[in-house]
Every structure is written in C-alpha cells, then in structure tokens.
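Notes follow once the structure below has been shown.
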Amino acid sequence: MLNLDTHILVHALRGDIKPGERKLLANDSWSIASIVLWELAKLVQLGRVTLDLDDPELTNALSSIHVWPLDLEIARVSTQLDFVGDPADELIAATSIVHRVPLVTRDRRILRSKFVPFPG
C-alpha cells in the first residue's frame, strides 16, 4: 500500500502523472491521509484544481482509496518531524510514519526527511 499526498492524488485522478509514478501506482494499492480529502475540496473551492467532486466517476475512484483517519498518534508524530511544512503536509507525512506506509510525493522538503518512509 502507498500513501499519496494531495498533489500526487490530483495528478493521478487527472491521469497526468510521470511515467515512474504511473508504474509505482499501478503496482500497489492507494491510501491517503484524511486531510487530503479536505485539501482536495479546498483546492477545488479556491479554483486551483479543476475537478467535479460530485462526478460519480470521481467519487467512485475516491471511495476505492483507503483513508487513514487522523488520531492522537498521528497528531503527536506530526510535531516531531525533521522538516517544517504546512500542517496538512506534516499530517500526511506523519500518517506514513505511524502506519509504516511509503509516501508518494514530489515535495522536496518532505523528500529530504530521514523519518518518512518512501517507496523503495
């Protein structure tokens, strides 16, 4: 199982991911931190992402992705990371750490982390 950050999820839903990401995502199941759903809705609201959150195809695709809930352990770990990002990025990274699920991201700050697991 892989944990996708918000931007990877958006690119995957649009079908415009990089070839290496496509291969990686094709060979494993997907998961997301619960805050990714909020970020997705916010990006749509702000007009930064064009997706129809009421589209049955999109809602079906999203419903097939495992969603990790926010809990106290994730909140606690998010305050102990070796990088500083926005709170959503920190919760996404902490979700990967707590559940030992590799994080798929393009975020350079997160990619420099020694704590966050990434795909092999």
- Note on the structure: All conditions in (1) small (G, A, S); (2) within 24 Å of S78 (Cβ to Cβ); (3) out of contact with any strand residue (DSSP E or B) (no Cβ under 6 Å at 6 or more places or on another chain) are true of G15 except (2)
- Unmet requirement for L43, which otherwise passes all of (1) loosely packed, with under 12 Cβ neighbours inside 10 Å; (2) of a type outside the set (D, E, K, R); (3) in a helix (DSSP H, G or I): (1)
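Here is a list: L53, L37, L13, L9. Which entry is part of a helix (DSSP H, G or I), at negative phi and surrounded by fewer than 17 Cβ atoms within 10 Å (Cβ to Cβ)? Spell out how you get there, then give the answer.
Details: L53 fails: part of a helix (DSSP H, G or I); L13 fails: surrounded by fewer than 17 Cβ atoms within 10 Å (Cβ to Cβ); L9 fails: surrounded by fewer than 17 Cβ atoms within 10 Å (Cβ to Cβ).
Just a single option satisfies the conditions, and that option is L37.
Restricting segment 82-115 to residues that are among the β-branched types (V, I, T), assigned to a loop (DSSP other than H, G, I, E, B) and farther than 18 Å from L72 by Cα, which is nearest to the chain's Cα centre (by Cα)?
Of the residues in segment 82-115, the ones among the β-branched types (V, I, T) are 84, 92, 95, 97-98, 101, 104-105, 110.
Of the ones still in play, those that are also assigned to a loop (DSSP other than H, G, I, E, B) are 84, 101, 105.
Checking the rest, the ones that are also farther than 18 Å from L72 by Cα come to 84, 105.
Working: V84: 17, T105: 7 Å.
If we take residues in segment 82-115 being among the β-branched types (V, I, T), assigned to a loop (DSSP other than H, G, I, E, B) and farther than 18 Å from L72 by Cα, then T105 is nearest to the chain's Cα centre (by Cα).
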- Task: Report, by residue number, each residue of segment 1-41 that is more than 14 Å from L62 (Cα to Cα) and of a type in the set (D, E).
- Result: D16, E21, D28
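No lab work stands behind these numbers, since they all come straight from the coordinates. Here the structure is a predicted model, which is why all the values come from computation and not from measurement. Don't worry about glycine lacking a Cβ; one is built from the backbone with ideal geometry, like all the others, and counts go over all protein chains shown.
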